[in-house]
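Remarks on the structure that follows.
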Amino acid sequence: MLEIRQETKKDYEEVYNVIKTAFKTAEYSDGNEQNLVVALRESNNFIPELSLVAIQDNKIIGYILFTKIEIGEYEELALAPLGILPEYQRQGIGKKLIEEGHKIARRLGYHYSIVLGSEKYYPKFGYIPARQYGILAPFKVWNENFMAIKLNDTNKEIIGAVKYAKEFGI
C-alpha cells in the first residue's frame, strides 16, 4: 500500500538516492537535482509541509518538493523536483504526490504553483502555459514547458516574472 507523508530528517539520505536514481535516465536533467534539494532544505524558501515522500513496502520510492518563489509582490510555489524510482514509474505515484502537494498548498493559502517540465505530463494535473496567467519565466523557455496551475478560485491577478530561490542558480 502506498503512503504519502511529509519528509523527515531521517529520510534525507534515502531521498537523495531516490532523486539521483530517478533523474539518471530523465530526458531533461542537469544531474544535480539531488543537490538542489539539499540546498533548498537549508534555504528560507523551504516549506517542510511541502517536502513529501511516497513510501511502499517500507521504502521511499518517490519524492516531491514545492518551494517558495516570488511573482511580483506575491509569494507562490515552484514544483521542483518530482522524482520516482524508475521501476515504480507510470503507476500513478507522481500523480498522488502532486495531488497531495496541491491539497497541502491550498490549505497553506498558496494561489499558484509553477513548474518547468514536460508539456505531456503536467497538463494532466491542470497545469497550463504560465503566460496565460501573466506569469513569465526568468529565462528563455518554450511556453508549453513553463506552466502554472491556479490552486484556488482566487481573483488575485498575479503578473510578472518568477524570482526563484537563489539555490536554483537562475
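The values are calculated or read from the model by the stated rules, or taken from the named source; none is laboratory data. Since the structure is predicted, the reported quantities are computational estimates derived from the model, not experimental observations. For neighbour counting, all protein chains shown are included, and Cβ atoms are generated from backbone atoms with ideal geometry for every residue, glycine included.
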Does segment 97-107 contain at least one residue that is free of Cβ contacts under 8 Å to residues at least 24 places away in the same chain and farther than 27 Å from Lys9 by Cα? no
Hey, Ile114 touching a helix residue (DSSP H, G or I) at 6+ places or on another chain (Cβ under 9 Å) and either closer than 26 Å to Arg41 by Cα or modelled with pLDDT of 95 or more (or both) or not: yes
For Tyr88, only one of the following conditions fails: (1) surrounded by fewer than 16 Cβ atoms within 10 Å (Cβ to Cβ); (2) closer than 19 Å to Ala22 by Cα. What is its number? (1)
For segment 149-170, pairs from a residue that is surrounded by 12 or more Cβ atoms within 10 Å (Cβ to Cβ) and charged (D, E, K, R) to a residue that is part of a helix (DSSP H, G or I) and at pLDDT 95 or above, with Cβ under 6 Å and 6 or more apart or across chains, are Glu167/Ala39; Glu167/Leu40
Members of segment 1-58 that are farther than 22 Å from Ile104 by Cβ, basic (Lys, Arg) and either out of contact with any helix residue (DSSP H, G or I) (no Cβ under 8 Å at 6 or more places or on another chain) or surrounded by fewer than 14 Cβ atoms within 10 Å (Cβ to Cβ) (or both): Lys24
